[in-house]
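Novice: Below is a structure I'd like to ask you about.
The values are calculated or read from the model by the stated rules, or taken from the named source; none is laboratory data. In this text, all values refer to a predicted model and were calculated from it rather than measured experimentally. When we count neighbours, we look across all protein chains shown, and the Cβ atoms used for this are built from the backbone with ideal geometry, even at glycine. Keep in mind that these areas ignore ligands, DNA and RNA; they rest on the heavy atoms of the full protein, side chains included. Shrake-Rupley method; radii C 1.70, N 1.55, O 1.52, S 1.80 Å.
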Amino acid sequence: MLDIKYLRNNADEAKERLAGRGVEPEAVDAYLANDTKRRELLVQTEELKAKRNVVSDQIGLKKRAKEDASDVIAEMQAVGAQIKSLDEEVAQIDEELTNQALHFPNLPNPGIPVGPDEDSNREERKWGVIPEFTFTPKAHYEIGEDLGILDFERGAKVSGARFVYYVGQGARLERAVYNFMLDEHQKEGYKEMITPYLVKDAAMFGTGQYPKFMEDAYRVGTNDDMTLIPTAEVPLTNYYREEVIEEEKLPISITAVSPSFRQEAGSAGRDTRGLIRMHQFNKVEMVKFAKPEQSYAELEKMTQNAENILQKLNLPYHVITLSTGDMGFSAAETHDLEVWMPEQNVYREISSVSNTEAFQARRAKIQYRDEDGNLQFVHTLNGSGLAVGRTVAAILENFQNEDGTVTIPEVLRPYFGADQIVPENTL
């Protein structure tokens, strides 16, 4: 959620920055007009309450003097009715303001590229050597099906499209990948958690998934405000919801592996085969809480933490900074890591690392007390470290062999228990 004081005092600047995120200037004007009207009504209410106090004192004086107080009683009733009417109008405007504020995306950091979509993203760096094959490389889903380690057909039979069974060595590889990631993140100072996989609506509002992306969520029950998490970012960030963190503890780094559930509304026809765009997938998430002056240094560290995983797996990738039009709703700045996928001959997103500044903390009421004793909103950061299924896909494609086997990256071998994936006996 944006800082209302910033919007009041820097309306033109806010309009310019939000325009790069698709927000019309009229939306900011409408919000500020409502805010002005609310403040005017509050002044009127306070004046009427002061008048009511005076009239109330007059009633007491008249009654003690045994005089007729009906005129001032009638006046007080009229004032009370006016106050009630104004309070109802303020409550209605408050509701409108809240709804308007919840639909404003975060302000983009001034240093990021301005543009409407991914074509405006800026490449920062590349790492690794793109593999060359003496044969035509296969797609990861073909490799997985040929080896008997990915079963999309039965996944669809049981749950529908975009679900999969990991079988035998496939399940071992998935488990090896996320255990390796968690161990690496613990070495880098992250505290591991196992989170709830169901959260209340308030948690989804807190991190910015609601109300904008409600259609993407899997909601549970007809009356309960519960949602299957789309990412562990939601329960991890809301861990400190409505709390004041001790300043000396900042920055705080936490991590978790969890399933993620997404309806992928609007993605019809995109990545219909394979592990790239699933309704259920595992992801290792990193979350940080930092003071404002720390947060951009922590963004770089978190990006490097995700890069560390790819480098140790020897997977080629590049880092891009997303443009204003391609960035997520809650982010002020986002670095995407895209891994090389040989069959498609392109880089594909495998991690997204974002600084949301105080946007999520303001929504979730996460604060710390500064050295002067004043309450300040923390800055929250989140990043994939990494999307596990996409990492499995990248391993299968980049380390495939002509005979159909797949070489296991060296760092994963102690976790996987073998050097290669060989054809799996079918069940």
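Novice: Mind checking which residues of the stretch 232-288 are part of a strand (DSSP E or B) and more than 20 Å from residue 185 (Cα to Cα)? Write out each step before concluding.
Specialist: Taking the stretch 232-288 and keeping what is part of a strand (DSSP E or B), we get 244-245, 252-261, 280-288.
Of everything in the stretch 232-288, those that are part of a strand (DSSP E or B) and more than 20 Å from residue 185 (Cα to Cα) turn out to be 244, 245, 261, 280.
Novice: Can you give me the ranges of the helices (runs of 4 or more DSSP H) entirely in the stretch 95-194 with at least 1 residues that are exposed (fewer than 13 other Cβ atoms within 10 Å of the Cβ) and among the β-branched types (Val, Ile, Thr)? First the steps, then the outcome.
Specialist: Numbers: elements: 140-147, 152-159, 169-187.
Fully inside the stretch 95-194 and qualifying: 152-159.
Novice: Output the number of residues of the stretch 214-228 satisfying the condition of being out of contact with any strand residue (DSSP E or B) (no Cβ under 6 Å at 6 or more places or on another chain) and closer than 22 Å to residue 103 by Cα.
Specialist: Total meeting the criteria: 3.
Novice: It is to be established whether one or more residues within the stretch 282-295 are touching a residue at least 12 places away in the same chain (Cβ under 8 Å), among the hydroxyl-bearing types (Ser, Thr, Tyr) and open to solvent by 30 Å² or more (accessible area, probe 1.4 Å).
Specialist: No, that holds for no residue.
Novice: Before we move on, is residue 247 among the charged types (D, E, K, R) and either at pLDDT below 95 or surrounded by 16 or more Cβ atoms within 10 Å (Cβ to Cβ) (or both)? Spell out the reasoning first.
Specialist: Working: among the charged types (D, E, K, R): yes; either at pLDDT below 95 or surrounded by 16 or more Cβ atoms within 10 Å (Cβ to Cβ) (or both): no.
No; evaluated as a whole, the condition is false for this residue.
Novice: Oh, and also: Which of the residues belonging to the stretch 337-364 are open to solvent by 10 Å² or more (accessible area, probe 1.4 Å) and within 30 Å of residue 401 (Cβ to Cβ)?
Specialist: Those that are open to solvent by 10 Å² or more (accessible area, probe 1.4 Å) and within 30 Å of residue 401 (Cβ to Cβ): 338, 340, 342, 343, 344, 345, 346, 347, 348, 349.
So that you can scan it fast, the table gives a plain yes or no per residue for (1) among the β-branched types (Val, Ile, Thr); (2) crowded, with 24+ Cβ neighbours inside 10 Å; (3) without any contact (Cβ under 8 Å) to a residue 40 or more places away in the chain:
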{"site": "374", "(1), (2), (3)": "no, no, yes"}
{"site": "393", "(1), (2), (3)": "no, yes, no"}
{"site": "417", "(1), (2), (3)": "no, no, no"}
{"site": "421", "(1), (2), (3)": "yes, yes, no"}
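Novice: Between a first residue in the stretch 115-135 that is among the β-branched types (Val, Ile, Thr) and a second residue that is open to solvent by 100 Å² or more (accessible area, probe 1.4 Å), which pairs have beta carbons less than 7 Å apart while being 6 or more apart in sequence or on different chains?
Specialist: These pairs meet every condition: 134/402.
For every residue, the table says whether it meets (1) assigned to a helix (DSSP H, G or I); (2) at pLDDT below 95; (3) open to solvent by 60 Å² or more (accessible area, probe 1.4 Å).
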residue: 30; (1), (2), (3): yes, no, no
residue: 49; (1), (2), (3): yes, yes, yes
residue: 66; (1), (2), (3): no, yes, yes
residue: 74; (1), (2), (3): yes, yes, no
